[in-house]
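Student: This structure is in structure tokens; I'll ask about it shortly.
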Amino acid sequence: MKLNGEERAMLAGDMGEPRRWAVEHMMEVGRMFDAADFVPVAQAHMMADTESLGEAGVAFLEGLAAHPPAERRVAVPMLTDPRGVDLSYYRPLGQTEEMADLERRTIAACTDLGILMTDSCVTYQTIMPPVRGEHVAYGDTGVVIYCNSVLGARSNFEGGPSALAAGLTGRTPRYGLHLDRNRRATRRFIVGERPEGLTGWGVLGGLIGRLCGSYWEVPVLEGIEGAPTSDEMKHFGAAMASFGSTPLFHIAGVTPEAPDLESVCDGPPPEPVEIGRKDLEGLRGNFGASGDEVDVVVFAAPQLSHVEMARVAELLEGRRVHERTALVVCTSPTVAADCGRLGIVGRIEAAGAVVLRGTCFYNQYAREIGEANGWTRLLSNSVKIVNILGGYGYRPALAGMEDCVTAAVTGRIP
Amino acid sequence: MTLRLRCHPGIGPRVEGEALVAADDFSARYDLDRLAGTFSRPGHKLAGLSYVDRVLVLNTAKGGVASAWMLREMTERGLAPKAILFNAANTILAQGAAFAGMALCDRFEDGDITRLIATGDRVIVDPPAGLVTVLGKAERS
């Protein structure tokens, strides 16, 4: 890779060990993907939940944080993804002091690195959405796919270490979605019927992700008339990224890089694949469980927006969560604070549900809290979360938000 | 007899190990019980099998960013694969391998790597050279 003077100085250790490590790490990754050089980034966003970090990752962060401030502070604004423990509510979930201690150590290290602990996977709805064409280094696949696709920013999927390296140096290797040629459509889908509700959008996203099946495929959709809402796009993208490791989509006539089909195609467009109701029901059928008793109902993945929180509160009005069932709602600290002020959190909690701040259900020791609480049958309106949790010992099922609330209240999936 | 398979130069050190192969995808978060060292996702083609010290041979990476931290944690606890070979890696698994010091290669010249290597094959993975050698297996005709 071609380095400029500042990058050579960082690699030589002249700007401290954290930046030396960062450049070395990114060069190793950049070489794998034939990056010619680095590209400056305006923001970084790091996934660093303690379940993923483990002792090894936390000790690594602490090692960086032990350097002098001038060497360890991040060079560009850097945000965090949801945490593994909500320190205001972990014992009732069955999380241990050991988990909480790991969390406290992570927060202390990240704070010393100058990272803004936003603890959010919906930063594009709540903190600082990137601008079209802006290069960024984001963790969380849902954040990346939304910002690439809906906002026209440029980011690869950045795992925690690489996002941190980008934050420390203000740059990332120029490969993948930082290059025009990797943002062109390689797959084309014609959608016969506009999805309904957040779950409907999630199902469509999951199906397209599964059909693409690779980081390097870029789908373009036709047949969607008019802009979906931000929350619909959020569930659509998160599910697509989860099922397919897909970081970018275009919707002709809707998303900014695709005013029309031709704009995202080099030469003749790819052969079209039609998506019909049967295809969507096929994916949904993997997560059906009508009539079953339900142990836990989860609203998360991605964290809920103000609008989703208000809707959950409305659906719970005058109702009470069943004594045998738990209802867990995960949102960002920002949204939780606002919804607290607006009385929304109080209404949700008054019905017997739990609102967790700054976590997301699947990255907060889902296996351990499932075992501690005896939760196996899980219901959610998130296509992403039902895709993930099968490997964590759950039997996940999918339903729309309204049916999820009814299930939480009756203890049984409608 | 050996089968030599050329690929894009990869990440991590040269290692030798026994292959565990499936025409399936991979995420450390979605598919593994990292405390037991086994594939735990019921629908995965390697469900129930141990991945510890094996050379995993799979189609591609899927899902989220967590694997980038997890590979190092798995390595430090001694419950990790020796190497991972993909038809196509994603950025996360490459970053995770770099952070963990784990061997990882992809983009094989001779086609689908999950068909070129079989479970139980003894393989040498040489990422800097972009070469995977399958011991005791004839060259392709």
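Student: Could you tell me whether chain A comes out rounded, prolate or oblate from its Cα gyration tensor? Rule is a ≥ b ≥ c as square roots of the eigenvalues, rounded for a/c under 1.5, then prolate if a/b exceeds b/c, otherwise oblate.
Tutor: Judged from the Cα gyration tensor, chain A comes out oblate (a/c at least 1.5, b/c at or above a/b).
Student: Can you compute 3J(HN,Hα) from phi for each residue in the stretch A:262-268, using the Karplus curve 6.51 cos²θ - 1.76 cosθ + 1.60 with θ = phi - 60°, rounded to whole Hz and x for Gly and Pro?
Tutor: 4, 5, 10, 10, 9, x, x
Student: What stretch of chain B, leaving out the sites themselves, is the longest with no GluC sites (Glu not before Pro) in a DSSP loop having at most 14 other Cβ atoms within 10 Å?
Tutor: B:1-108
Student: According to the Kirkwood expression over distinct Cα-Cα pairs, how big is the hydrodynamic radius of the stretch A:313-414, in Å?
Tutor: Kirkwood radius, the stretch A:313-414: 14.1 Å.
Student: List for the stretch A:388-406: residues with 10 Å² or greater reduction in accessible area, all protein chains versus chain alone, probe 1.4 Å?
Tutor: Listed by number, the residues meeting the 10 Å² cut-off are A:I388, A:G390, A:G391, A:Y392.
Student: On to the next question. Between A and B, buried accessible area summed over both sides at probe 1.4 Å, in Å² to the nearest 100?
Tutor: 3200
Student: Between the stretch B:7-63 and the stretch B:88-141, what's the alpha-carbon centroid distance in Å?
Tutor: 12
Student: So, with a 1.4 angstrom probe, what is the percent of accessible area on chain B that is carbon and sulfur?
Tutor: Carbon and sulfur atoms account for 48 percent of the accessible area of chain B.
Student: List the trypsin sites (Lys or Arg not before Pro) in the stretch A:283-340 that DSSP assigns to loop (not H, G, I, E or B) and whose Cβ has at most 15 other Cβ atoms within 10 Å. Which are they?
Tutor: Sparse-neighbourhood loop trypsin sites (Lys or Arg not before Pro): A:R319, A:R320, A:R324.
Student: A follow-up question, please. Compute the longest continuous run of chain A that contains no exposed GluC sites (Glu not before Pro); treat a site as exposed when its DSSP state is not H, G, I, E or B and it has at most 15 other Cβ atoms within 10 Å.
Tutor: By the stated rule (loop sites, at most 15 other Cβ atoms within 10 Å), A:1-192.
Student: Once neighbouring chains are kept in place and the probe is 1.4 Å, which whole percent of the accessible area of the stretch A:19-129 is contributed by carbon and sulfur?
Tutor: 57
Student: Also: Leaving out ligands and nucleic acids, and using a 1.4 Å probe, what accessible area per residue does the stretch A:191-332 come to in Å²?
Tutor: 38
Student: Check A:M78: other-chain or 5+ apart residues with amide H under 5 Å from its amide H, H built from backbone geometry?
Tutor: A:A44, A:L116
Student: Using a 1.4 Å probe over the heavy atoms of the protein chains, calculate the carbon and sulfur portion of the accessible area of the stretch A:204-294 as a whole percent.
Tutor: Here it works out to 48 percent.
Student: Please identify, among B:R107, B:R14, B:R115, the residue showing maximal mean-square fluctuation in a Gaussian network model of chain B using a 10 angstrom Cα cutoff.
Tutor: Result for chain B, Cα springs under 10 Å: B:R115 fluctuates most.
Student: Further question: Skip the ligands, DNA and RNA, and give the accessible area per residue of chain B with a 1.4 Å probe, whole Å².
Tutor: 35
Student: In nm², what is the average projected area of the convex hull enclosing the Cα atoms of the stretch B:1-92?
Tutor: 6.2
Student: Still on this model: For chain A, modelled as a GNM with alpha-carbon contacts under 10 angstrom, which of A:P256, A:P219, A:P247 fluctuates the most?
Tutor: Checking each option, the largest mean-square fluctuation is seen for A:P256.
Student: Take the cross-link list A:K2/B:K137; A:K2/B:K45; A:K234/A:K278 and give me the ones stretching past 31 Å between alpha-carbons.
Tutor: Those over the limit are A:K2/B:K137; A:K2/B:K45.
Student: Here's a follow-up. Work out which residues of the stretch A:151-174 lose at minimum 50 square angstrom of accessible surface when the other protein chains are put back, relative to the chain isolated, with a 1.4 angstrom probe, and list them by number.
Tutor: A:P161
Student: Using a 10 angstrom cutoff on alpha carbons, build the Gaussian network for chain A and name the most mobile of A:M233, A:M128, A:M46.
Tutor: Between A:M233, A:M128, A:M46, it is A:M128 that shows the largest mean-square fluctuation.
Student: With the solvent-accessible surface defined on protein heavy atoms using a 1.4 Å probe, which residues belonging to the stretch B:68-87 display a reduction of at least 40 Å² in accessible area in the multichain context relative to the isolated chain?
Tutor: Buried by the other chains: B:W69, B:E73.
Student: Return the loop-located chymotrypsin sites (Phe, Trp or Tyr not before Pro) in the stretch A:18-107 (DSSP other than H, G, I, E, B) with at most 15 other Cβ atoms within 10 Å of their own Cβ; answer none if there are none.
Tutor: Qualifying residues, ordered by number: A:Y89.
Student: Would you pull out the residues with amide H under 5 Å of A:A397's amide H, same chain only if 5 or more places away, H placed 1.01 Å from N?
Tutor: Here the answer is A:L378, A:L379, A:S380, since their amide H atoms fall under 5 Å of that of A:A397.
The values are calculated or read from the model by the stated rules, or taken from the named source; none is laboratory data. Note that this is a predicted model, so its numbers are computed, not measured. Quick reminder, even Gly has a Cβ in these numbers, built from the backbone with ideal geometry, and neighbours come from all protein chains shown. Heads up: the accessible areas ignore ligands, DNA and RNA and are worked out on the full protein's heavy atoms, side chains in. Shrake-Rupley method; radii C 1.70, N 1.55, O 1.52, S 1.80 Å.
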